[in-house]
1. Under the definition of Cα pairs under 8 Å and six or more residues apart, what whole-number percent is the relative contact order of segment 138-283?
2. With 10 angstrom as the radius, rank LEU212, LEU207 by how many other C-beta atoms surround their C-beta, starting from the fewest.
3. Could you list TRP278, TRP301 in order of exposure, starting from the residue whose Cβ has the fewest other Cβ atoms within 10 Å?
4. As an exercise, identify the trypsin sites (Lys or Arg not before Pro) in segment 111-150 lying in DSSP coil whose Cβ has no more than 12 other Cβ atoms within 10 Å.
5. Treat segment 5-225 as a sphere of radius equal to its Kirkwood radius over Cα pairs and apply Stokes-Einstein at 10 °C in a medium of 1.306 mPa s; give the translational diffusion coefficient in µm²/s, rounded to a whole number.
6. So, R0 is 25 Å and r is the distance between the beta-carbons of ARG10 and ALA101; what FRET efficiency does that work out to, to 0.05?
7. Going down the table (LYS109/LYS184; LYS47/LYS150; LYS21/LYS107; LYS21/LYS47; LYS107/LYS222), which pairs top 26 Å between alpha carbons?
8. Around GLN227, with a cut-off of 13 angstrom between Cβ atoms, what is the net charge of the other residues, counting Lys and Arg +1 and Asp and Glu -1?
Amino acid sequence: MVETFYEVLRRQGITRRSFLKFCSLTATSLGLGSAYAPRIAHALETKPRTPVIWLHGLECTCCSESFIRSAHPLTKDVVLSMLSLDYDDTLMAAAGHQAEAIIEEVKKKYKGNYIVAVEGNPPLNEDGMFCIHGGRPFVEVLKETVADAKAVIAWGACASWGCVQAAKPNPTRATPVHQVITDKPIVKVPGCPPIAEVMTGVVTYMLTFDRLPELDRQGRPKMFYGQRIHDKCYRRPHFDAGQFVEQWDDESARRGYCLYKMGCKGPTTYNACSTTRWNEGVSFPIQSGHGCIGCSEDGFWDKGSFYDRLTNIKEFGIEANADKVGGTAAAVAGAAVAAHAAVSALMRAKSGVQQKSEVK
């Protein structure tokens with residue numbers, strides 16, 4: 001008999017109170033509200049645990065590194081319990097033939113009911129020989145493993161878009177997962193790497209509700225990729241006010257002004273960085289003083305220097321852009337200073353006349 005998720009947790013010593021706390025945190029992180037916590041708890045108490053096979057193609061393992069550093073320790077433990085590491089050739093203890101046998105066991109036992117998570121992508125040149133998995137081209141292993149899966153998760157920019165492995169001229173023909181697997185539902189979770197809580201949130205949603213989250217037109221979960229980083233960035237007021245960093249470490253940089261002119265791609269990047277943030281929720285690249293490089297967007301690696309600014313972004317009206325607003329703001333500030341000086345001079349002159357009149 002297959003254990004439920006809750007039974008796995010209790011066997012590992014997790015208390016009922018901690019379990020319910022996890023359900024509440026999960027509901028909040030998914031944007032469902034506290035009312036959904038009981039539904040999540042019921043699903044995890046009654047549903048059989050869904051196995052996940054985690055494969056690695058051409059990649060640097062940064063997605064795994066991000067995933068195992070989820071901010072809340074209970075979340076990490078819970079999700080790892082969900083996955084139970086049925087197969088992950090980076091994190092599992094088994095190796096060699098013993099490890100490969102696990103894939104076959106899961107495929108046979110859970111046919112049509114397991115999820116394949118893919119980190120990295122398959123190279124197609126020279127019959128896939130640029131990435132060998134268990135003595136065979138990774139693209140072959142990927143196709144065979146996915147054949148009886150119910151869904152696929154494409155972790156990171158590598159699996160979602162190809163990332164730097166697919167950068168021009170792409171000699172290995174590194175190819176995103178959705179261009180190789182065309183007959184299965186695929187959830188793309190891009191980023192280089194994705195945020196840990198985004199990864200755990202997607203897994204929890206899929207395993208709890210037994211369905212894919214609502215996706216945008218590019219196949220990304222709307223709950224995490226529905227808004228631009230720019231829309232929730234704490235530096236946005238400076239953008240609107242025309243206050244920009246003009247060069248690294250100038251006075252504007254020290255004041256935390258907007259990094260748009262330094263190449264920040266926040267206005268064209270959809271991700272949860274400015275809300276969920278990194279490093280246990282305390283920061284993200286823009287907060288650390290570096291502009292967004294747009295790593296969750298397709299082709300970010302081939303769009304020139306990360307420090308080349310976006311051109312002609314119009315956010316202030318039909319005819320206004322960042323340069324015009326910045327210039328206008330400076331002109332208005334200068335005019336205000338001049339007006340203040342003129343008024344002050346008039347007041348001083350008037351005061352002097354009054355004093356002379358009083359002396360007479």
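1. Contact order relative to length: 19 percent.
2. LEU212, LEU207
3. TRP278, TRP301
4. LYS111
5. Details: Rh = 17.7 Å.
Result for D is 90 µm²/s.
6. Working: r = 28 Å, r/R0 = 1.13.
For R0 = 25 Å, the calculated efficiency reads 0.30.
7. LYS21/LYS107; LYS107/LYS222, as the Cα separations exceed 26 Å there.
8. +3
Read the figures in this text as sums done on the coordinates, not as results from a lab. Just so it is clear, the model here is predicted, and its values are computed rather than measured. Positions of Cβ are backbone-derived with ideal geometry, glycine not excepted, and every protein chain shown enters the neighbour counts.
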